[in-house]
Protein chains: 2
Amino acid sequence: MWPERCRAILVSKPSVMVIYMADLLVWEKPDLNTLPGVIKKAIVEGRAVIIIGECSIEYEGRSASRLGNGERILIIKQDGSVLVHRPHGYSPVNWQPETSVIETWTDDEGRLYILAVREGPREVLSIVFSRVDLAVSMKLSDKAEFIMYLSEAEIKRILMDNPELVEPNLRILEDEKKLGSGQADIYGVDGNGRPVIVELKRIPASREAVFQLYGYVKSYEAKYGRRPRGILVAPSFSPSAIEALQRLQLEYKLIDLRELYRLALKKGYRKSILDYGRKQV
Amino acid sequence: MWPERCRAILVSKPSVMVIYMADLLVWEKPDLNTLPGVIKKAIVEGRAVIIIGECSIEYEGRSASRLGNGERILIIKQDGSVLVHRPHGYSPVNWQPETSVIETWTDDEGRLYILAVREGPREVLSIVFSRVDLAVSMKLSDKAEFIMYLSEAEIKRILMDNPELVEPNLRILEDEKKLGSGQADIYGVDGNGRPVIVELKRIPASREAVFQLYGYVKSYEAKYGRRPRGILVAPSFSPSAIEALQRLQLEYKLIDLRELYRLALKKGYRKSILDYGRKQV
DNA sequence: CGTGCCAGGTGCCAT
DNA sequence: ATGGCACTTGGCACG
């Protein structure tokens, strides 16, 4: 049933085991009393910890939550970030961001307490394990650079190199022009010398985006005494966005992300992976 | 150095091991060729998989990204959701939501490929492991109910039970009144019979919240021919929010989340955990 | 530190 | 499916 190169070891009752390798330690069915030491040592040495077992959770901070007993995966990273994952879904059910300080101990009944505390705002995450099936401690080395394509920043770069994609004869004057409390994505002048403010969205534009653009237009008008054109650039527009655009006398321009991506691919000589596993027709 | 109840086993060269328990299997330094079978079997049986090792990642979908070799933690959950975590931070560096379909194989050079593909929108996540230190497969049982306190929904419930916290003599008429494209949090009438629209924020209110409220007020006016009062209720207000409130002739009301939480505690007989680990003064 | 704003935002619920 | 919006949003940049 299992690949033949795997050996299977049946462990019928709780036991404790450490497999020691270069930088990975594994405890199977550990005595919970040993884990506070494991966790503290890991944190001191910059190691990450994974604990799999049955726990209950309380959180209190900006909000508050409670979760009864269940089997979950806990990850404590080197920087103090904590994640608790249930068996389903993308999001952790509870977590603590990286600035948290971790305390851990066991009580008389052998339960393992893990407390992740963060200040400003004060938030407390309390995890109590009644049973641990597996604990792993590891030092991860990961120095690779993460490269993101098609972010709003990259789209803006493409549009600023090719302003005719927004409007013919548009001349870019300024990137991230400060206006009022925020900053306009792109500022320039059109073929008739009229100032143009461009707000760019890489996702379908909602009414919020229109208000954002409107705020820049109003700030510009208040500052320079001249009403600029305002153009919302996005791959699509919600009905409420279009209604608001018309009401506030603003313009909009569709962009085709695929087209922009082809442009980026051409410039960067990158190969698409989107066809992986696609059904052959 | 380690707690004395732990046994340490030194593994000097790659080997393959399975620890079999009720519902948890562990492979240490597995031959990568065995892992596609492990993963496929896990998915079929509704088990989650954790793989720790060195991998590179490509993603393409709504955006696109690339990440070179590094040591990471991969989680594949029962529902097809995939998370890849680097050694630092709260967020996974790459992921795939729960609807993804997972394919996995190895190539001639023994590298492990894991492809998570999602449709609508089509997104492809490709993970290639060149080395795996640990693989875990487990069936997690977690039926507990997650209870969230102090969400906006709970705050609204408290305010609707105690409308005087918003304004004396306020009478609530409607919850989530549909107005235009969105819906106002609370709708009622004040002591003088004038309609009141309340927009509630559980976080510091920004200018966006003011525009949101303004949209509801305008929609109400357009629909009923009468300008209602608009009250923004929040724990604090940004300067730009206050400026916008005054410009648009809207009102605002501070709420004290702690006070509301005490109310909720009193009703729910819950005990705060915020004092855990706080320094004694 | 707060303020503003993007994010492959995610999640929930509505039509 | 799309729209509207809250979220312990997280994350970054900037003053």
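State, as an integer percentage, the relative contact order of the range B:18-138 based on alpha-carbon contacts under 8 Å between residues 6 or more apart. Each step should come with its number before you reach the end.
On the way: 283 pairs, mean separation 41.3, N = 121.
Relative contact order here is 34 percent.
Ignoring solvent entirely, what values of log10 I(q)/I(0) come out of the Debye formula for chain B at 0.06, 0.09, 0.12, 0.16 Å⁻¹ when each Cα is a single scatterer?
With no solvent term, the Cα-only Debye profile gives -0.37, -0.71, -0.90, -1.10.
Calculate how steeply helix B:35-44 sits against the longest principal axis of the alpha-carbon atoms of chain B, using the helix alpha-carbon long axis, and give the answer as 0 to 90 degrees to the nearest 10.
Here the helix axis deviates by roughly 50 degrees.
In peptide B:208-220, how many Cβ atoms from other protein chains are near each Cβ within 10 Å, on average? Before the final figure, lay out the partial values.
Working: counts 4, 0, 1, 8, 3, 0, 1, 5, 0, 0, 1, 0, 0.
What the average comes to for B:208-220 is 2.
Which peptide among A:67-79, B:109-121, B:56-68 comes first, and what is the full order, when sorted by highest mean count of other Cβ atoms within 10 Å? Display every interim value, and only then the final one.
On the way: A:67-79: 21.2, B:109-121: 16.5, B:56-68: 19.3.
So the peptides A:67-79, B:109-121, B:56-68, ranked by packing, come out A:67-79, B:56-68, B:109-121.
Other chains near B:191-203: what is the mean number of their Cβ atoms within 10 Å of each residue's Cβ?
Details: counts 0, 0, 0, 0, 0, 0, 0, 0, 0, 0, 0, 2, 2.
Mean shielding count: 0.
Tell me the relative contact order for chain B as a rounded percent, counting alpha carbon contacts under 8 Å between residues six or more apart.
Working: 513 pairs, mean separation 34.8, N = 281.
Answer for chain B is 12 percent.
At each listed q (0.25, 0.26, 0.27 Å⁻¹), what is the log10 of I(q)/I(0) that the Debye formula gives for the range A:199-269 modelled as equal alpha-carbon point scatterers?
Once normalised to I(0) and log-transformed, intensities are -1.00, -1.06, -1.11.
Binning at 10 angstrom from zero up to the longest distance, how are the C-alpha pair distances of the protein assembly as shown distributed in percent?
Pair shares across the bins are 3, 15, 20, 21, 20, 14, 6, 1, 0.
Could you calculate the contour length gain from B:Ile147 to B:Asp23, that is, 0.36 nm times the residue separation minus the distance between their Cα atoms, to one decimal place in nm? Each step should come with its number before you reach the end.
Values: separation 124, 0.36 × 124 = 44.64 nm, distance 2.72 nm.
So the chain would gain 41.9 nm between B:Ile147 and B:Asp23.
Between B:Lys223 and B:Asn192, what is 0.36 nm times their sequence separation minus the Cα-Cα distance? Round to one decimal in nm.
On the way: separation 31, 0.36 × 31 = 11.16 nm, distance 2.07 nm.
Difference between extended and current length: 9.1 nm.
On a 20 Å Cα-Cα criterion, which of the cross-link pairs A:Lys29/B:Lys143; B:Lys156/B:Lys178; B:Lys156/B:Lys218 come out too long? Let's see the in-between values first.
Details: A:Lys29/B:Lys143 22 Å; B:Lys156/B:Lys178 16 Å; B:Lys156/B:Lys218 22 Å.
Violating the 20 Å Cα-Cα cut-off are A:Lys29/B:Lys143; B:Lys156/B:Lys218.
For B:Gly110, place a label point 7 Å out from Cα along the Cα→Cβ vector, do the same in each other copy, and report the separations in nm, one decimal, smallest first.
Computed spacing set for this position: 4.1 nm.
Percent antiparallel among DSSP beta bridges with both residues in chain B, to the nearest 5?
Details: 63 of 73 bridges.
Beta bridges within chain B, antiparallel portion: roughly 85 percent.
Restricting to DSSP H runs of at least four residues, report the calculated mean residue ellipticity at 222 nm for chain A, -39500 (n - 2.57) per run over all residues, nearest 500 deg cm²/dmol.
On the way: 5 runs with 59 residues, N = 281.
It comes out at -6500 deg cm²/dmol, rounded to the nearest 500.
Of all the residues in chain A, which one has the C-beta that comes nearest the axis relating A to B, and what is the distance in Å?
A:Phe211, 2
So if I restrict to the alpha-carbon atoms in the range A:152-268, what is the Rg, and what is Dmax, the biggest pairwise distance, in Å?
When restricted to the Cα atoms of the range A:152-268, Rg and Dmax are 13.6, 42 Å.
Compute, for the range B:112-167, the length of the dipole vector about the Cα centre, with Cβ point charges of +1 (Lys, Arg) and -1 (Asp, Glu) only. Units Debye, rounded to 20. Walk me through the numbers on the way to the answer.
On the way: 7 positive and 10 negative charges, 116 e Å.
Rounded to the nearest 20 debye, it is 560 debye.
For an R0 of 35 angstrom, estimate the FRET efficiency from the Cβ-Cβ distance between B:Leu173 and B:Thr99 and round to the nearest 0.05.
Here the calculated transfer efficiency is 0.30.
For chain A, find the longest principal axis of its Cα atoms and tell me its angle to the long axis of helix A:257-268, 0 to 90°, nearest 10.
Roughly 80 degrees, rounded to the nearest 10.
Output, in nm with one decimal and in ascending order, the distances from the A:Ser130 label point to the matching label points of the other copies (7 Å from Cα along Cα-to-Cβ).
Here the equivalent label points are 4.6 nm apart from this one.
Please give, to one decimal in nm, the separation of the simple spin-label points placed at A:Ile203 and B:Ile242, each 7 Å out from Cα toward the Cβ.
In this crude spin-label approximation the distance works out to 3.1 nm.
Can you compute the modelled spin-label distance between B:Arg258 and A:Glu45, with each label point 7 Å from Cα toward Cβ, in nm?
Those two pseudo-labels are separated by 4.2 nm.
What's the average, rounded to a whole number, of partner chain beta-carbon atoms within 10 Å of each residue's beta-carbon in A:147-157?
Numbers: counts 6, 6, 6, 6, 3, 1, 0, 2, 1, 0, 0.
Other-chain Cβ atoms within 10 Å of each residue's Cβ, averaged: 3.
Take the Cα coordinates of the range A:18-138, assign each an equal point scatterer, and use the Debye formula without solvent to give log10 I(q)/I(0) at q = 0.10 Å⁻¹.
Summing over Cα pairs of the range A:18-138 leads to -0.27.
Can you give me the relative contact order of the range B:74-233 as a percent, contacts being Cα pairs under 8 Å and 6 or more apart? List each step's numbers first, then the result.
Values: 235 pairs, mean separation 17.4, N = 160.
Averaging sequence separation for qualifying contacts and normalising by length gives 11 percent for the range B:74-233.
Given just the C-alpha atoms of the range B:163-227, how large is their convex hull per residue in cubic angstrom?
Taking the convex hull of the Cα positions in the range B:163-227, it is 88 Å³ per residue.
Which Rg and Dmax, in Å, describe the Cα atoms of the range B:33-98?
Radius of gyration, then largest Cα-Cα span, for the range B:33-98: 12.3, 33 Å.
Every read-out reported here was derived from the displayed coordinates using simple, explicitly stated rules and does not represent laboratory data. None of the values given here were measured: they were computed from a predicted structure. In this analysis, Cβ positions are derived from the backbone assuming ideal geometry, glycine residues included, and neighbour counts consider all displayed protein chains.
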